[in-house]
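Below is one structure, written out as structure tokens; comments come after it.
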Amino acid sequence: MELKLNLMKKLTGLKINKTAIFISGTGSNLKNLIKFSKTKKSPISINLIISDNKKAKGLKYSHQYKIPKKIFDFKANKNDDENILNFLKKKKINFICLAGFMRILSFNFIKKFNGKIINIHPSLLPKYKGLNTHERAIKNNEKFSGCTVHYVEKKLDSGKIIMQAKVKIKSKDNSFLLSKRVLKKEHELYPASILKIFS
Ligand code: GRF
């Protein structure tokens, strides 16, 4: 079925980008991107799941969707980098989506994949880089929170913005409730951003 879909895409001239998704936790964005990759319009196929955490819940989707997974501990030393880069090369990966990936990639790694790594962040960047974004937005009485898909560059959460989506903060919100609504938006924004990049 999948082979047939990919063949059809090739025949219609849609280039499929072999993609690795990097996760550390639940993997709801991973699951959502896998589903998106199986649609006719998707310019990506998901060929690899990478995690720094062997206990990441999202790794179950490797089994469920029969996508290879690999654990690296991302110590960010040169040897480790080379191992990961060689592995990605072997698998012919040319695009990377970070989805709840909690490690900072080394400059060397980012340079080698220049312009081919994107991330989703749960705030309206450039506001609230880093962790606990919803808590901080609520504390500061912001009217809106949201999410951003951006290119990964050397400085954390600072690469060129691809797309953003706003979510209204309600008066009775807490970070749990807000994060649930933002996550729902993330599931729309990540595929839309990928379509935008490759259109
Ligand atoms: C998302 O909110 C994402 O924006 C952030 O980490 C969370 C990951 O959620 N970087 P999930 O693992 O995709 O469910």
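In the set Asn29, Asn108, only one residue is under 30 Å from Lys180 (Cβ atoms) and either small (Gly, Ala, Ser) or touching a residue at least 24 places away in the same chain (Cβ under 8 Å) (or both); that residue is Asn29.
Every condition in (1) surrounded by 13 or more Cβ atoms within 10 Å (Cβ to Cβ); (2) closer than 18 Å to Asn119 by Cβ holds for Arg181 except the one numbered (2).
Leu156: closer than 17 Å to Leu33 by Cα and within 15 Å of the ligand (Cβ to nearest atom), yes or no? When the stated conditions are applied, Leu156 does not pass them.
Residue count for segment 9-26 satisfying the condition of being in contact (Cβ under 8 Å) with a residue 24 or more places away in the chain and more than 11 Å from the ligand (Cβ to nearest atom): 8.
Could you please let me know if Ile50 is among the hydrophobic types (A, V, I, L, M, F, W, C) and over 15 Å from the mean Cα position of the chain (by Cα)? No: the conditions fail for Ile50. For Thr12, the conditions (1) in contact with a Lys or Arg (Cβ under 8 Å, 6 or more places away or on another chain); (2) open to solvent by 90 Å² or more (accessible area, probe 1.4 Å) all hold with the exception of (1). Residues that are of a type in the set (Val, Ile, Thr) and modelled with pLDDT of 95 or more within segment 13-37 comprise Thr19, Ile21, Ile23, Thr26, Ile34, listed in sequence order.
Taking the listed residues Lys89, Lys75, Lys54, Lys40, the one that is at pLDDT 95 or above, open to solvent by 20 Å² or more (accessible area, probe 1.4 Å) and not in a helix (DSSP H, G or I) is Lys54, with no other qualifying. Selection of segment 80-111 for residues being closer than 12 Å to Phe22 by Cβ and not aromatic (Phe, Trp, Tyr) yields Ile84, Leu88, Ile93, Ile96, Cys97, Leu98, Ala99, Gly100, Met102, Arg103, Ile104, Leu105.
The values are calculated or read from the model by the stated rules, or taken from the named source; none is laboratory data. Since the model is a prediction, treat every value here as computed from it, not as a measurement. Positions of Cβ are generated from backbone atoms using ideal geometry, with glycine treated the same way; all protein chains shown enter the neighbour counts. Note: accessible area is taken over every heavy atom of the protein model, side chains too, but ligands, DNA and RNA are not part of it. Shrake-Rupley method; radii C 1.70, N 1.55, O 1.52, S 1.80 Å.
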